[in-house]
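Below is one structure, written out as structure tokens; comments come after it.
The values are calculated or read from the model by the stated rules, or taken from the named source; none is laboratory data. Bear in mind the structure is a predicted one, so any value in this text is a computation, not a measurement. Glycine also receives a Cβ, built like all others from the backbone with ideal geometry; neighbour counts cover every protein chain displayed. Only protein heavy atoms, including side chains, enter the accessible area calculation; ligands, DNA and RNA are left aside. Shrake-Rupley method; radii C 1.70, N 1.55, O 1.52, S 1.80 Å.
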Amino acid sequence: MAPPARPDPAPPGSRRAVLAGLGALAGAGLLGLLSPGRGADPAPPDPLAPAEGLAARTDGFARLAAERPWVERLGRCCGLVITRRPGVEGRGSCVLLDRFGTLALTAHQVEDWLVEAGPGRVAVEGEVRFAPTPGPLVVSGRLEQVRVAGALDLAFATLDLAPLAGAGLAPVAWGSLPAGLAGVELVAAGWPHGHERLHAAAGRAQLFRDYDQETYTSLGHAGADGRFLCKVMARIDAHPGMSGGGVFLDGAFVGIDNANGPADDIPDLRFTPVWAVWDAYRKLYPDRAATVAFAGPLRPDQTAMPLSCRGEPEIFFPAP
């Protein structure tokens with residue numbers, strides 16, 4: 001019998017799978033019985049606490065950056081997305097893909113927030129914030145030319161970078177995942193809900209699924225189940241609000257975070273792999289794709305891509 005689902009406290013704009021942690025609780029109780037008289041272990045540091053002396057960074061981000069210096073550079077490409085409508089606010093993350101201001105994020109962050117922005121054009125009211133250095137956040141305007149691929153839970157938008165000129169932003173270097181991805185160590189970066197701080201967490205890829213079942217908490221689909229294509233499962237302790245943030249392998253961009261579960265949800269993170277992100281991006285923006293930088297010996301389209309990851313441009317709205 002499946003364990004009972006527990007209520008999902010995530011605010012609008014985030015979606016994650018929820019599983020009960022009865023096994024973990026039972027294990028903790030048994031350990032207490034087997035260790036009579038043992039004093040309580042000191043509480044581990046809170047990874048989401050502010051990093052000492054570093055505004056706009058979590059303690060977890062700072063610790064990971066100390067181990068892997070390339071993590072600090074993620075502040076230049078990973079943004080905080082704030083969507084607004086009268087009386088309602090949603091928060092998530094995004095990744096800067098190129099020097100033209102193309103952002104990648106998730107469909108569930110924007111699909112309930114679209115507004116008309118002229119003939120055949122849609123936008124999302126709100127703003128995008130970046131912290132390219134561990135100092136004050138820089139702010140830009142709304143997301144324009146939004147395109148949504150619902151089956152992949154993937155979206156693209158264009159951001160006017162002019163207000164951010166000189167701020168130190170830099171687009172990602174595109175990477176590639178190996179065909180045998182189980183055990184590959186990854187880093188997820190994004191902006192957890194309730195914290196104006198960029199966070200990063202490390203873990204390992206576990207498996208690929210052509211289809212993944214998840215539960216919505218977004219405005220228009222709250223509580224509904226969705227079935228999504230082309231997802232990688234990873235054991236990474238990411239948090240609600242990091243949806244739309246990037247997943248990285250040795251500093252190279254390899255995916256978009258879609259869903260984050262609680263600590264007893266194994267795996268914790270689902271993400272859309274770079275195969276699907278690149279396939280859609282190069283079809284929608286061929287001129288922009290011709291200018292981007294790649295990391296490592298292989299491009300994403302030079303590795304094996306599961307059929308479920310191939311998205312045709314006509315599934316996007318509005319049509320390019």
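Mind listing whichever residues of region 290-309 are open to solvent by 10 Å² or more (accessible area, probe 1.4 Å) and in contact with a helix residue (DSSP H, G or I) (Cβ under 9 Å, 6 or more places away or on another chain)?
If the condition is that a residue be open to solvent by 10 Å² or more (accessible area, probe 1.4 Å) and in contact with a helix residue (DSSP H, G or I) (Cβ under 9 Å, 6 or more places away or on another chain), then A290, V292, F294, R299, D301, T303, A304, M305, P306, S308 are the ones that fit.
Provide a single number: the residues in region 98-112 that are open to solvent by 10 Å² or more (accessible area, probe 1.4 Å) and among the small types (G, A, S). Give the derivation first.
From region 98-112, those open to solvent by 10 Å² or more (accessible area, probe 1.4 Å) are 99-100, 111-112; that's our starting set.
With among the small types (G, A, S) added as a condition, the list becomes none.
Matching residues across region 98-112 total 0.
Going through V172, V95 one at a time, which residue ends up being open to solvent by less than 60 Å² (accessible area, probe 1.4 Å), assigned to a strand (DSSP E or B) and under 19 Å from M242 (Cα atoms)?
Testing whether each residue is open to solvent by less than 60 Å² (accessible area, probe 1.4 Å), assigned to a strand (DSSP E or B) and under 19 Å from M242 (Cα atoms) leaves just V95.
Hey, C94 hits all of (1) in contact with a Phe, Trp or Tyr (Cβ under 8 Å, 6 or more places away or on another chain); (2) under 28 Å from D59 (Cβ atoms) but one; which does it fall short on?
Here C94 meets the rest and fails (1).
For region 61-82, what are the residues that are under 20 Å from I256 (Cβ atoms) and assigned to a helix (DSSP H, G or I)?
F61, L64, W70, V71, R73, L74, G75, R76
Restricting attention to region 175-192, which residues are surrounded by fewer than 23 Cβ atoms within 10 Å (Cβ to Cβ), in a loop (DSSP other than H, G, I, E, B) and in contact (Cβ under 8 Å) with a residue 24 or more places away in the chain?
Within region 175-192, G175, P178, A179, L181, A182, V184 qualify.
Quick one: in region 113-132, of everything that is part of a loop (DSSP other than H, G, I, E, B) and on the phi > 0 side of the Ramachandran plot, which residue is most open to solvent (accessible area, probe 1.4 Å)?
Top of the filtered list is G120.
Using beta carbons and a limit of 9 Å, which pairs, at least six apart or on different chains, have the first residue in region 110-139 and of a type in the set (S, T, Y) and the second one modelled with pLDDT under 85?
none
Considering only residues that are more than 15 Å from the chain's Cα centre (by Cα) and acidic (D, E), look in region 241-291 and name the one that is farthest from V172 (Cα to Cα).
Among residues in region 241-291 that are more than 15 Å from the chain's Cα centre (by Cα) and acidic (D, E), the one farthest from V172 (Cα to Cα) is D264.
Checking the structure you have, find out if any residue of region 240-250 is open to solvent by 20 Å² or more (accessible area, probe 1.4 Å) and of a type outside the set (D, E).
Yes.
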